[in-house]
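J.: I'd like to ask you about the structure that follows.
The values are calculated or read from the model by the stated rules, or taken from the named source; none is laboratory data. Quick caveat: nothing in here was measured; it's all calculated off a predicted structure. Because the Cβ atoms are built from the backbone with ideal geometry, glycine has one as well, and the counts that use them run over all protein chains shown. Remember, those area values only see protein heavy atoms, side chains included, never the ligands or the DNA or RNA. Shrake-Rupley method; radii C 1.70, N 1.55, O 1.52, S 1.80 Å.
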Amino acid sequence: MGLLEGKRLLITGVLTDASIAFHVAKFAQLEGAEVVLTSFGRQMKITQVISKRLPKEAPVVELDVSSDDDLAALAERVKEHVPALDGVLHSIGFAPQAAMGGNFLNTEWADVATAVQISAFSLKSLAMAAKPLMGEGGSIVGLTFDAQYAWPVYDWMGVAKAAFEATNRYLARDLGPFGIRCNLVSAGPVKTTAAKSIPGFEKMEGGWPERAPLGWDATTAEPVAKTCAVLLSDWMPATTAEIIHVDGGYHAMGV
Ligand SMILES: NC(=O)c1ccc[n+]([C@@H]2O[C@H](COP(=O)([O-])OP(=O)(O)OC[C@H]3O[C@@H](n4cnc5c(N)ncnc54)[C@H](O)[C@@H]3O)[C@@H](O)[C@H]2O)c1
């Protein structure tokens with residue numbers, strides 16, 4: 001029996017087959033889960049094409065996490081494909097170019113607000129939109145980039161990730177009584193569309209393979225995705241409000 005046999009999962013964030021979410025969807029299906037994807041706007045068509053590269057093509061429902069209409073309609077849209085959800089993957093991040101790349105001292109609030117809304121507040125928005133389908137409890141998993149540190153060029157996205165990590169803890173507090181676990185995976189750098197949109201991403205990535213005791217391959221999301229799959233399973237039943245590093249051990253090493 002697969003790790004996720006019988007689980008019905010909502011997976012956001014599949015944009016390309018390099019997306020972390022693509023690999024989570026792939027492993028989830030291989031381990032027995034039924035998967036529904038989300039995408040939005042012009043990316044819908046791309047996600048539909050990429051979905052065909054999964055072991056089993058998954059339906060795609062529309063969700064822009066900044067749209068109140070999409071959030072309100074999410075449960076109904078998902079119910080067209082599965083009657084309930086056992087897990088949700090939040091794999092969404094966005095910051096305007098002006099909020100990253102070394103312009104920290106001059107970034108305007110409007111750009112910061114967008115980064116925080118799409119990359120941090122959206123964890124709460126998505127959780128509440130999916131909650132009506134999670135009557136029997138379940139698991140919500142998100143992806144962070146260790147927000148304890150000031151990284152080169154990450155700037156206001158790093159601030160948004162700090163808010164995201166705090167949001168996860170408060171969600172865990174308030175959704176625990178409903179049997180819903182909330183956890184994050186703190187991933188090392190992976191070459192995805194979101195990563196490539198960070199001006200100077202190589203400065204964040206540099207030295208990672210050498211410093212991580214297990215080494216690190218930024219060309220694959222598979223190790224990160226496998227850990228997400230475990231968190232979505234029944235095998236971490238008493239873990240919530242947690243952040244698990246999947247970074248080759250980089251976070252624990254002194255310089
Ligand atoms: N790639 C890395 O190095 C890395 C490291 C740590 C954490 N992460 C996090 O992993 C998550 C997934 O990113 P990725 O690296 O797979 O990149 P990606 O570009 O493949 O995925 C980002 C996704 O965010 C979605 N998105 C953006 N704005 C949205 C909106 N308004 N509504 C709904 N969806 C929206 C995009 O459609 C896209 O699918 C992000 O939270 C990112 O911060 C990435």
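J.: Counting every Cα pair in the chain, what percent are over 36 Å apart?
T.: 7
J.: Now for a different question. If you place +1 on the Cβ of every Lys and Arg, -1 on the Cβ of every Asp and Glu, and leave all else neutral, what size is the dipole of region 125-232 about its Cα centre, to the nearest 20 Debye?
T.: The calculation lands at about 200 debye.
J.: Of the accessible area of the chain, with the probe set at 1.4 angstrom, what percent is carbon plus sulfur?
T.: 56
J.: Report the accessible area of LYS79, computed with a 1.4 Å probe over the heavy atoms of all protein chains in place, in Å² rounded to the nearest 10.
T.: 100
J.: Quick one: if the Förster radius is 30 Å, what FRET efficiency do ALA166 and THR16 give, using the C-beta to C-beta distance and rounding to 0.05?
T.: E between ALA166 and THR16, to the nearest 0.05, is 0.55.
J.: Using a 1.4 angstrom probe with every protein chain in place, what is the largest-first accessible-area order of ASP146, ASP69, ASP111?
T.: Output order, biggest surface exposure first: ASP69, ASP111, ASP146.
J.: Sort TYR154, TYR149, TYR170 by heavy-atom solvent-accessible area, probe 1.4 angstrom, most to least.
T.: The residues order as TYR170, TYR149, TYR154, largest area first.
J.: Same structure again: Give me the number: length gained by fully extending ALA252 to VAL82, i.e. 0.36 nm times residue separation minus the C-alpha to C-alpha distance, one decimal in nm.
T.: Full extension of this stretch gives 57.1 nm more.
J.: Show the residues, 5+ positions off or on another chain, whose built amide H is closer than 5 Å to the amide H of ARG181.
T.: Amide H neighbours of ARG181: GLY138, SER139, ILE140.
J.: Please list, in order, the residues from region 127-146 whose amide nitrogen is less than 19 Å from a point placed 7 Å along the Cα→Cβ vector of GLU242.
T.: The answer is 137-146.
J.: Quick check for you: which residues of region 13-35 have the amide N under 15 Å from the point 7 Å beyond the Cα of THR220 toward its beta carbon?
T.: Label zone hits: 18-20, 23-24, 26-27.
J.: Moving to a separate point now. Would you kindly work out the equivalent ellipsoid of region 125-179 from its C-alpha gyration tensor and give its semi-axes, the square roots of five times the eigenvalues, largest first in whole Å?
T.: Semi-axes (√(5λ), whole Å): 27, 10, 8.
J.: Moving on to the next point. Work from the charge dipole of the chain (Cβ charges, +1 for Lys and Arg, -1 for Asp and Glu, about the Cα centre) and give the residue of THR16, PHE94, LEU123 farthest towards its positive end.
T.: Among THR16, PHE94, LEU123, the one farthest towards the positive end of the dipole of the chain is THR16.
J.: May I pose another question? Which value, in Å² rounded to 10, gives the accessible area of HIS251 with a 1.4 Å probe and all protein chains present?
T.: Accessible surface of HIS251 is approximately 70 Å².
J.: Another question about this same structure. Taking H as built 1.01 Å from N, whose amide H comes closer than 5 Å to the amide H of THR38, not counting residues under 5 places away?
T.: ILE11, THR12, GLY13, VAL14, VAL61
J.: Which is farthest toward the positive dipole end of region 1-118 among PHE40, ASN106, SER66, measuring Cα position about the Cα centre, with Cβ charges +1 (Lys, Arg) and -1 (Asp, Glu)?
T.: Farthest along the dipole direction, towards plus: PHE40.
J.: Beyond 21 Å, what share of the Cα-Cα pairs of region 146-255 remains, rounded to the nearest whole percent?
T.: Of the Cα pairs, 41 percent sit more than 21 Å apart.
J.: Straight-line reach from LYS45: which lysines have Cα under 23 Å away, leaving out those fewer than 8 places along the same chain?
T.: Reachable lysines: LYS26, LYS56, LYS79, LYS191, LYS196.
J.: Could you tell me what a quarter of the Cα convex hull surface of region 14-128 works out to, in nm² with one decimal place?
T.: The number I arrive at for region 14-128 is 7.8 nm².
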